[in-house]
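Remarks on the structure that follows.
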Amino acid sequence: MPPGFKVIGLFLLFGALMAGLAATTLLWRGTALDRIWTLNPTAYAQLAPLGRFIGILFLLLSAALACAGIGWLRLRLWGWRLAVVIIATQVLGAVFNVIRGDFLGGGIGVTLAAGLLLYILHPRIRAAFATDRAQRPR
């Protein structure tokens, strides 16, 4: 496996955990988990007014990230494809942040997400997900 390969799968699973935590705190308010928002009070101020709707979206994001992470670590082609879609969406979101004026945060987001996308689109990474295991490089 190329360097960092397993880290990508673990990154996706960590993202699933964080999105699930956000979903939980947005759907069931008033729990001890609410204190986690002290790490990013601005995000909470923007998300909380959206109510249960945004909590459900975070729950769906958590499920998508978990599926991508599992598929990635099991070398499933659908896991690679799902990871590409998720990271490409992150690139677009970061570009949108730059357009709306968040040059520092959006610029960092574009740089990191685009770098990650380029890594997972590399032919050597893609080859690890060949549909026929006999086609995979050793």
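The criterion of being outside any helix (DSSP H, G or I), touching a residue at least 12 places away in the same chain (Cβ under 8 Å) and either touching a Phe, Trp or Tyr at 6+ places or on another chain (Cβ under 9 Å) or acidic (D, E) (or both) does not hold for L47. Of the residues in region 100-107, at least one is crowded, with 16+ Cβ neighbours inside 10 Å, farther than 18 Å from F5 by Cβ and either free of Cβ contacts under 8 Å to residues at least 60 places away in the same chain or hydrophobic (A, V, I, L, M, F, W, C) (or both). Of the residues making up region 18-38, those that are loosely packed, with under 13 Cβ neighbours inside 10 Å and part of a helix (DSSP H, G or I) number 3. Of all residues in region 56-85, those that are part of a helix (DSSP H, G or I), of a type outside the set (G, A, S) and surrounded by fewer than 19 Cβ atoms within 10 Å (Cβ to Cβ) total 12.
Read the figures in this text as sums done on the coordinates, not as results from a lab. If you're wondering where the values come from, they're calculated on a predicted model, not measured in any experiment. Methodologically, a virtual Cβ is constructed for each residue, glycine included, from the backbone with ideal geometry; neighbour enumeration extends over all protein chains shown.
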